[in-house]
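Here, each number is a calculation from the coordinates, and none is a lab measurement. Every value quoted in this text rests on a predicted model; they were computed, and no experiment measured them. In this analysis, Cβ positions are derived from the backbone assuming ideal geometry, glycine residues included, and neighbour counts consider all displayed protein chains.
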Amino acid sequence: MKKRFMAVLLVATMILAMGVVGCEKSNDSGGTKTETGNTDENKGGNKYGFTCMTMNNPFFTTIEASVRSEIEANGDELITLDTKQDIATQIQQVEDMINQGIKALFLCPVDSEGITPALDMLEEAGIPVINFDTDVKDKEKVKTILVSNNEYAGQVVGEAMAKKYPNGGKIAILDAPYAEACVQRVEGFLKGLGEAKDKFKIVSQQNGKGDTAESLPIAENIIQANSDLIGFFCINDPSALGAYSAVESNGLTKQIAVYGCDGSPDAKKSIAEGGMTGTGAQSPVNIGKECVVAAKKLLAGETVEKEIKIETFLITKENVDQYGTVDWQ
């Protein structure tokens with residue numbers, strides 16, 4: 001009896017062992033199981049790409065942080081590469097991200113028209129593009145364009161300039177003509193001058209590349225060539241901060257008003273301290289959030305509006321306290 005019991009026990013043990021081996025083989029063919037029973041194939045999420053003009057601008061780093069927060073909260077992955085304002089680099093990096101298997105791309109082009117080869121590659125790969133901040137030239141190649149109301153951001157600055165100097169005067173513009181958003185801001189600024197436009201003389205309009213270091217010496221040269229200059233309009237806050245440094249170093253802070261566009265913490269701090277005169281502000285935090293909402297809808301097969309505009313507004317010394325000087329809106 002004892003021998004029969006031992007034989008049955010041995011057979012049962014062998015059958016159990018075979019069952020375990022069988023399960024392991026089954027797992028190998030279907031993916032290694034996690035503690036929750038999901039396979040590796042289903043464990044992760046989607047992979048997204050992010051590329052903009054430069055990661056040396058706090059406006060763009062804030063948008064990226066907002067996008068990343070929303071993406072990673074869903075267990076997805078965000079690949080961010082810095083173009084350093086070089087369109088050839090941006091095109092190459094887009095190709096790299098396509099090869100890494102991104103499902104959607106958040107794109108702010110270095111050059112609105114020059115980015116077209118990258119858009120062609122994305123279209124061929126079937127990857128939807130969420131275009132933010134600066135419009136691409138060929139709008140048919142992107143699913144949605146999510147931007148601040150850039151024209152209005154420039155317009156409110158033009159209106160403020162016209163109000164501050166009702167008799168007009170000599171002004172200078174630091175732009176970035178390769179970026180559609182910046183073109184729209186300049187157009188809005190000129191529109192905002194309104195009936196007083198003919199009283200203002202634009203003595204210089206140069207490419208400051210939206211960068212503080214680039215804009216400072218340009219502003220210095222403009223000031224040296226125009227001793228009676230009364231104002232700068234700059235297409236973003238980094239350029240405006242560079243221009244203000246030039247104004248300050250020449251001891252002309254009471255003569256020359258400096259306006260920017262963005263609403264960055266550094267600009268708001270300068271305004272609060274009596275430096276920059278104002279900025280046409282936007283909300284990079286909301287831009288980032290809305291970009292992710294659009295991307296998820298597209299990947300779910302839903303439709304999104306072709307153009308989504310985020311509110312812009314003027315910040316001056318009179319209202320800067322309500323927005324604070326620490327964070328972006």
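With everything on Cα atoms, drop me the angle between helix 237-249 and the longest principal axis of the chain, reported from 0 to 90° to the nearest 10.
40
Give a residue-ordered list of calculated ³J(HN,Hα) values for the range 229-236 (Karplus: 6.51 cos²θ - 1.76 cosθ + 1.60, θ = phi - 60°; whole Hz; x for Gly, Pro).
Those phi angles translate into 4, 10, x, 10, 10, 10, 6, 8 Hz.
Rg over Rh of the range 150-281, using C-alpha atoms and the Kirkwood radius, what does it come to?
Numbers: Rg = 12.7 Å, Rh = 13.9 Å.
With Rg and the Kirkwood Rh in hand, the quotient comes to 0.92.
Express the relative contact order of the chain as a whole percentage, based on alpha carbon pairs under 8 Å and six or more residues apart in sequence. Mind showing how you got there, number by number?
Details: 646 pairs, mean separation 51.7, N = 329.
Across the chain, relative contact order equals 16 percent.
Using packing as a proxy for protection, rank 242-251, 84-93 so that the peptide with the highest average count of other Cβ atoms within 10 Å comes first.
Numbers: 242-251: 20.3, 84-93: 17.6.
Per-residue mean Cβ counts within 10 Å order the peptides as 242-251, 84-93.
Report, by chain and number, residues whose modeled amide H sits under 5 Å from the one on residue 314, excluding near sequence neighbours (fewer than 5 apart, same chain).
Correct list: 281.
If each residue of separation counts as 0.36 nm, what is the full-extension length gain between residue 306 and residue 120 once their alpha-carbon separation is subtracted? Before the final figure, lay out the partial values.
Details: separation 186, 0.36 × 186 = 66.96 nm, distance 1.84 nm.
My answer for the length gained is 65.1 nm.
In terms of modelled amide H atoms, which long-range or inter-chain residues lie less than 5 Å from the amide H of residue 132?
Distant-sequence amide H within range of residue 132: 107, 108, 146.
If you take every residue apart from residue 248 with its C-beta less than 13 Å away from the C-beta of residue 248, what net charge results, scoring Lys and Arg +1 and Asp and Glu -1? Each step should come with its number before you reach the end.
Numbers: positive: 254; negative: 220, 273.
Summing Lys/Arg as +1 and Asp/Glu as -1 gives -1.
Where the Cα atoms of the chain are projected onto their three principal axes, how long is each span, largest first, in whole Å?
Result for the chain: principal-axis Cα extents of 115, 40, 32 Å.
Measure nothing but the geometry: give the 0 to 90° angle between the long axis through the Cα atoms of 150-164 and the longest principal axis through the Cα atoms of the chain, rounded to 10°.
Its long axis makes an angle of about 30 degrees.
Ordered by residue, what ³J(HN,Hα) values in Hz, to whole numbers, does the range 254-266 give under the Karplus form 6.51 cos²θ - 1.76 cosθ + 1.60, where θ = phi - 60° and Gly and Pro are x?
In residue order, the calculated couplings are 7, 9, 10, 8, 10, 10, x, 9, 2, x, 6, x, 5 Hz.
Taking a cut-off of 16 Å between Cα atoms, list the aspartates and glutamates near residue 47, but don't count ones fewer than 8 places away on the same chain.
Counting by Cα, and skipping residues close in sequence, residue 47 has these aspartates and glutamates nearby: 64, 70, 72, 76, 77, 95, 96.
Quick one: net charge of residue 66's neighbours, Cβ under 13 Å, K/R +1, D/E -1?
Working: positive: 68, 289; negative: 64, 70, 72, 133, 290, 327.
Neighbour charge sum, excluding residue 66 itself: -4.
Select from 240, 272, 153 the residue whose mean-square fluctuation is largest in a Gaussian network model of the chain (Cα-Cα springs shorter than 10 Å).
272
In nm, give the distance between the simple-model label positions of residue 191 and residue 250, each being 7 Å from the Cα along the Cα-to-Cβ direction.
Taking the simple label geometry, residue 191 and residue 250 are separated by 3.0 nm.
Collect residues whose amide H, placed 1.01 Å from N in the peptide plane, falls under 5 Å from the amide H of residue 207; neighbours closer than 5 in sequence don't count.
175
Could you state the angle between the C-alpha long axis of helix 284-299 and the longest principal axis of the C-alpha atoms of the chain, as a value from 0 to 90 degrees rounded to the nearest 10?
Helix 284-299 and the main axis of the chain meet at about 40 degrees.
Could you work out how much longer the chain between residue 99 and residue 321 gets when fully extended? Use 0.36 nm per residue separation minus the Cα distance between them, nm to one decimal. Mind showing how you got there, number by number?
Working: separation 222, 0.36 × 222 = 79.92 nm, distance 4.67 nm.
Full extension from residue 99 to residue 321 adds 75.2 nm.
May I ask for the equivalent-ellipsoid semi-axes of the range 189-249, computed as the square root of five times each C-alpha gyration tensor eigenvalue and listed largest first in whole Å? Working shown, then result.
Numbers: eigenvalues 82, 39, 16 Å².
Calculated on Cα positions only, the semi-axes equal 20, 14, 9 Å.
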